[in-house]
Structures are given as C-alpha cells and as structure tokens.
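*Asks:* Got a structure here, written out as structure tokens. Questions coming.
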Amino acid sequence: MKSTDGSSKPRIKRFLELMALSFIMLVSCYVYHNYYTYQSIKVVVKDTPSVEYGSANYNVKEFIEEVEGNIISVKQDIDVNKLGEQEVILEVKKDNVVKEVPIIVTVVDSVAPVIKVKEEKVTITQGDNYNLEDNIESVLDEIDGDISISSEEIKEDSVNYYSINYNDDINSVGDHEITVNAVDKSGNVSTFTFTLEVVKPAPQFNYGINYNVPANPVGNDVVSIAYSLVGMPYIGGSNGPYGFDCSGFVQYVYSCMGKYVSRSSYTQVYDGVGVSYADAQPGDILSWGYGDGTVTHSALYVGDGLMIHAANPSTGVIVSSVDGWLAGSGTTILSVRRIQ
C-alpha cells in the first residue's frame, strides 16, 4: 500500500495559502470600503449659520444644506449664552461607518436695545431749565444691560451708548421732535422719538391776583349763554341783545344771570376778584391789553383753553383759542376776573 502523506501535504499547504489570501483580500476590501465610505461622509452647511444669543431651542439640522450619510447625534454642542463662533461636532453614519464632522455656528446678538421714556409728550414753559435726559426712563439691552448716555463726542464706530438729538431751537415756542438713538456692543441700533412742547410763559398780570377764590356759582350757565350767542354780529357801542361790542357782550351775558358787570373793558378789568390764568375757570372774564397795562379787549373764558368774545366787525361773536389769540393779536392777558 502506498502512503498518501507526501501528496496530501502540498494540497493542505495550498489550501491554507488560498485561505490566507482570501482573508487578506477580504480585509483589504473591507478596509478599502470603509476608507472610501469614511471619506465620502460630508456635511455641507448653509452660508454663515447662526443662532440668536440665549435661544432656548434650536435645531442644528436647520443649518444643513446637504449631508452624505445620516446624522445620528450631536457629540458637541454650542453654548448659546456665549457670543461668537463655536464648533458643533456631528456624528454622521453611513454603511455602519461613523464619522465626526465639525461645523462652525456663530452665536449672534441681533436684538437692539429697548428705549423707554416717561412721557411721549413733555410740556414745558419757554425759559424753563429742562433736562431732556430726565424724560428717559431706561435704555436696556438684553445682553449688555443698562446703556448710559454718551458723555463724549460720538464717533462713527462708537458702540454701547445712547444719545439725544434734535434739529431745531428747542427753546422756541412750539412742538419739537426729540430723537433718542441707542447702540449696543454688537452695533444694533434702536430709535425712539418723543415730543417737547414749549409754551409761552403765563402772562404777567398787572391788576392783582388772589388765591383760593371760590368758583363762580353761575359760571357754567354763563358759558351756556355765551355759546348760544356765537354768530351774533359785532356792533360798536352795543350791549345787545341783537349785537355786541366786546365789553357789551360780557355785560349782557352776565345780566342774563342777574349779575352786575360794568360796561367798559377799562372798568371790567377791576370787576369781581382777580385770579391767575392758571386758575381760570369757565365764566371768568379775560381782560386783554398791552404790556404797559392798557386795556383793549374783554372776553369770557369757557374752559379747555377757549374763550368766547365779540372779536371784531368781520367775525362777530366767535370761539377762539386763548393761545392762538396770544400768538396772533399782539396783546396779552392783563387780568382774569371772577364774578362772585
């Protein structure tokens, strides 16, 4: 019988060599596949991905324009309470190959400061020493906190300040637009506008002022009668009932209430009790004239800054704004008289 030892050994060796080669090829294929799979995994982000400072929730996938593979987790996230560029590391899987892909996300501050004022319209008297800053309640930024008024000349690149600006003479009578501009550390700008109303000073009365004077008991009735006569003609020297001059109108209205008032503007300035215009009440007599004390006109105050009077032959009895008459007539209020 022949032995098989000699012929079987070469075959076994050959078999083992083939097995080893197959294994090497298999491993090489595996490594090659995984390498190119790993290399093919990519994440393309949208232009300049950003998150607003302090955002409670955000989805990183919103920043992704294209992904080769599947995002399985966020291995490293950003701190939304820290401004600037930060790195987010994503775990992306493809064909059982996992790759960590970093992307850059910027935490930004795009919220402008909030400006609050005490009053949207401030009224002062011409000549008053008023500080516009007193009307600023707060200028607050969510990130930077309180913002102070600029104490220096503002440069183009200045930040974290607020300023108060206007384009006209705020000491002149009228309404003035006051603009508050605020800039935070990130350069966000906010603007708020309020109105400064400057009114003429109260007239200087020359015929005595009394305080705590009781109200005119028939004041409201006087006003009602005065309104009923609006449109009646101006007739020089007449005290009604079909026409009036200025003092005749005042006398007639009070006579309808059984109250005595003298006939002339020159004497009506002394009738009743003198009060300040600031305390004027409906039914009070307004005596008009020049700064030297010369009396020229009489009218009845009817409240809300209005008066009724027999103005002139062209207009007859009309309702006028006291401020308007002050501005246009060239005269001032010499006295306010209250009939008791």
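*Asks:* Would you work out which of Gly236, Gly208, Ala280 lies farthest towards the positive end of the dipole of the chain, given +1 charges on the beta-carbon of Lys and Arg and -1 on that of Asp and Glu, about the Cα centre?
*Replies:* Towards the positive end, the residue furthest out is Ala280.
*Asks:* Suppose every K and R has +1 on its Cβ and every D and E has -1 on its Cβ; what is the size of the dipole of the chain about the Cα centre, in Debye to the nearest 20?
*Replies:* 1500 debye
*Asks:* Now for a separate question. Would you list which aspartates and glutamates come within 15 Å of Lys121, measuring only between C-alpha atoms, while excluding same-chain residues fewer than 8 positions from it?
*Replies:* Glu133, Asp134, Glu137, Asp175, Glu177, Glu197
*Asks:* Expressed as an acute angle from 0 to 90° and rounded to the nearest 10, what is the orientation of the C-alpha long axis of helix 219-228 relative to the principal long axis of the chain?
*Replies:* 90 degrees
*Asks:* Give, as a single signed number, the net charge of other residues whose beta carbon lies under 15 Å from the beta carbon of Gly283, with Lys and Arg counted +1 and Asp and Glu -1.
*Replies:* -2
*Asks:* So for region 114-199, averaging the separation of alpha carbon pairs under 8 Å that are six or more residues apart and normalising by length, what relative contact order in percent results?
*Replies:* 34 percent
*Asks:* Here is a follow-up. In terms of modelled amide H atoms, which long-range or inter-chain residues lie less than 5 Å from the amide H of Asp141?
*Replies:* Val114, Asp146, Ile147
*Asks:* Could you list the chymotrypsin sites (Phe, Trp or Tyr not before Pro) in region 247-321 that lie in coil according to DSSP, counting only those with at most 16 other Cβ atoms within 10 Å of their Cβ?
*Replies:* The qualifying sites are Tyr260, Tyr270, Tyr290.
*Asks:* Considering the options Ile318, Val114, Met307, tell which one lies farthest towards the positive end of the dipole of the chain, charges being +1 on Lys and Arg and -1 on Asp and Glu at the Cβ, about the Cα centre.
*Replies:* Projecting each Cα onto the dipole axis, the largest value belongs to Val114.
*Asks:* Work from the charge dipole of region 40-108 (Cβ charges, +1 for Lys and Arg, -1 for Asp and Glu, about the Cα centre) and give the residue of Tyr53, Asn96, Phe63 farthest towards its positive end.
*Replies:* Farthest towards the positive end: Asn96.
*Asks:* Dipole size in debye (nearest 20) for region 1-153 around its Cα centre, Lys and Arg Cβ +1, Asp and Glu Cβ -1?
*Replies:* Value, rounded to 20: 2740 debye.
*Asks:* Limiting things to C-alpha atoms, what are the Rg and the maximum Cα-Cα separation (Dmax) for the chain, in angstroms?
*Replies:* Just the Cα atoms of the chain yield Rg and Dmax of 44.6, 168 Å.
*Asks:* How high is the relative contact order of the chain? Use alpha-carbon pairs under 8 Å, at least six apart in sequence, and give a whole percent.
*Replies:* 11 percent
*Asks:* Quick one: helix 5-40 against the long Cα principal axis of the chain, what's the angle to the nearest 10°, folded into 0 to 90?
*Replies:* So the inclination is approximately 10 degrees.
*Asks:* Can you work out the FRET efficiency for the pair Asn57 and Asn131, with r the C-beta to C-beta distance and R0 = 45 Å, to the nearest 0.05?
*Replies:* Working from the Cβ atoms, E equals 0.50.
*Asks:* Rounded to the nearest 500, what is the chain's calculated 222 nm mean residue ellipticity when only DSSP H runs of at least 4 contribute -39500 (n - 2.57) each, over all residues?
*Replies:* Per the formula, -6500 deg cm²/dmol.
*Asks:* Only Cα pairs under 8 Å and at least 6 apart count here; give the relative contact order of region 40-108 as a rounded whole percent.
*Replies:* 36 percent
Read-outs: derived from the displayed coordinates by stated rules, not from any lab. Being a predicted model, the structure only gives us computed values, none of them experimental. Using ideal geometry, Cβ is built from the backbone for each residue, glycine included, and neighbour counts are taken over all protein chains shown.
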